[in-house]
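Presented below is the structure to which this report refers.
We did not get these values from a lab; they are worked out from the coordinates using the rules stated. Since the model is a prediction, treat every value here as computed from it, not as a measurement. Cβ: placed from backbone, ideal geometry, glycine included. Neighbour counts: every protein chain shown.
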Amino acid sequence: MAEVESFTLDHNKVIAPYVRVIATEKGPKGDIITNYDLRFAQPNQAEIPTGAIHTLEHILAASLRDRLAGIIDVSPFGCRTGFHLIVWGEISATDVAIALKETLKEIVEEIEWSDVQGTDAKSCGNYKDHSLFSAKEWAKLVLAQGISDLPFERHIV
Ligand SMILES: [Zn+2]
């Protein structure tokens, strides 16, 4: 089977919250994409509840796009400790971490339920499982701990 970089990462050694470049890949036509690990919770010690991670996903999809050009996708990890971010081109982990910090501040200070997109049965696959309250609490927690642009040591942006 193919080796997947995410599974070779030693999850016991990382210190969340952090932003890490997982890989930069070049397609057959020369296009470059970069895949990031946006880690909110310490692996195997905490996980974001589904209502919170689901609402964070919906907000990040819009608010991170307001701050970073070329976003292809932002999706939650199955382990619920963070998100994949995939972008066209290359953006430094530092710039992504700063954009994430600003987005989390916006979630805590400004975003209301009416600002969250895709919260009805027509536009979401599980619209009943959202929690803006819990999303805000997790955003506060990540901001209080600080977001590092290095995974194995604290280098907070
Ligand atoms: Zn949804």
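Hey, what do the phi angles of the stretch 28-33 turn into as Karplus ³J(HN,Hα) couplings, whole Hz, using 6.51/-1.76/1.60 and θ = phi - 60°, x for Gly and Pro?
Residue by residue, the stretch 28-33 yields x, 9, x, 5, 10, 10 Hz.
So how many Lys-Lys pairs in the chain land under 15 Å Cα to Cα, not counting same-chain pairs under 8 apart? Numbers along the way, then the final one.
On the way: 101/136; 101/140; 105/136; 105/140.
Lysine pairs, 8 or more places apart or on different chains, close enough: 4.
How large is the convex hull of the C-alpha atoms of the stretch 1-79 per residue, in Å³?
Working: hull volume 9.3 nm³, N = 79.
Each residue corresponds to 117 Å³ of Cα convex hull volume.
Using +1 on the beta carbon of Lys and Arg, -1 on that of Asp and Glu, and nothing else charged, what's the dipole of the chain about the Cα centre, debye to 20? Spell out each step's value before the answer.
On the way: 15 positive and 23 negative charges, 31 e Å.
It works out to roughly 140 debye.
When the chain is treated as a GNM, springs tying every alpha-carbon pair under 10 Å, which of 15, 32, 111 comes out with the largest mean-square fluctuation?
Sorting by GNM fluctuation, first place goes to 32.
If you take every residue apart from residue 21 with its C-beta less than 15 Å away from the C-beta of residue 21, what net charge results, scoring Lys and Arg +1 and Asp and Glu -1? Kindly include the intermediate steps, with their values, before the conclusion.
Working: positive: 20, 26, 39; negative: 5, 25, 37, 90, 95, 149.
Within the 15 Å Cβ shell, the charges total -3.
Relative contact order for the stretch 14-145: what percent, with Cα pairs under 8 Å and sequence separation of 6 or more? Mind dumping the intermediate values first?
On the way: 211 pairs, mean separation 38.4, N = 132.
Relative contact order for the stretch 14-145 comes out at 29 percent.
Given springs between every Cα pair under 10 Å in a Gaussian network model of the chain, which of 30, 70, 146 has the largest fluctuation?
Evaluated over the chain, the most mobile residue of the options is 30.
When a footprinting reagent is the concern and you count Cβ atoms within 10 Å, what order do 60, 150 take, fewest first? Display every interim value, and only then the final one.
Details: 60 23, 150 16.
Fewest-to-most Cβ neighbours within 10 Å comes out as 150, 60.
Could you let me know the centre-to-centre spacing of the stretch 118-157 and the stretch 49-74, using Cα atoms, in angstrom?
When both Cα centres are located, 9 Å separates them.
Which of 32, 156, 124 sits farthest toward the positive end of the charge dipole of the chain, with +1 on the Cβ of Lys and Arg and -1 on the Cβ of Asp and Glu?
156
Rounded to the nearest 500, what is the chain's calculated 222 nm mean residue ellipticity when only DSSP H runs of at least 4 contribute -39500 (n - 2.57) each, over all residues? Write down the numbers at each step before the final one.
On the way: 4 runs with 53 residues, N = 157.
Computed ellipticity for the chain at 222 nm equals -10500 deg cm²/dmol.
Pick from 99, 41, 121: which residue has the top mean-square fluctuation in a GNM of the chain where Cα pairs under 10 Å get a spring?
The residue that fluctuates most here is 121.
Please give the per residue volume of the convex hull enclosing the alpha carbon atoms of the stretch 14-145, rounded to a whole number of Å³.
114
Across the chain, where is the longest run that never hits chymotrypsin sites (Phe, Trp or Tyr not before Pro) in a DSSP loop with at most 15 other C-beta atoms within 10 Å?
1-126
What is the set of long-range amide H partners of residue 118 at a cut-off below 5 Å, with H atoms built 1.01 Å from backbone N?
Placed amide hydrogens put nothing under 5 Å from residue 118.
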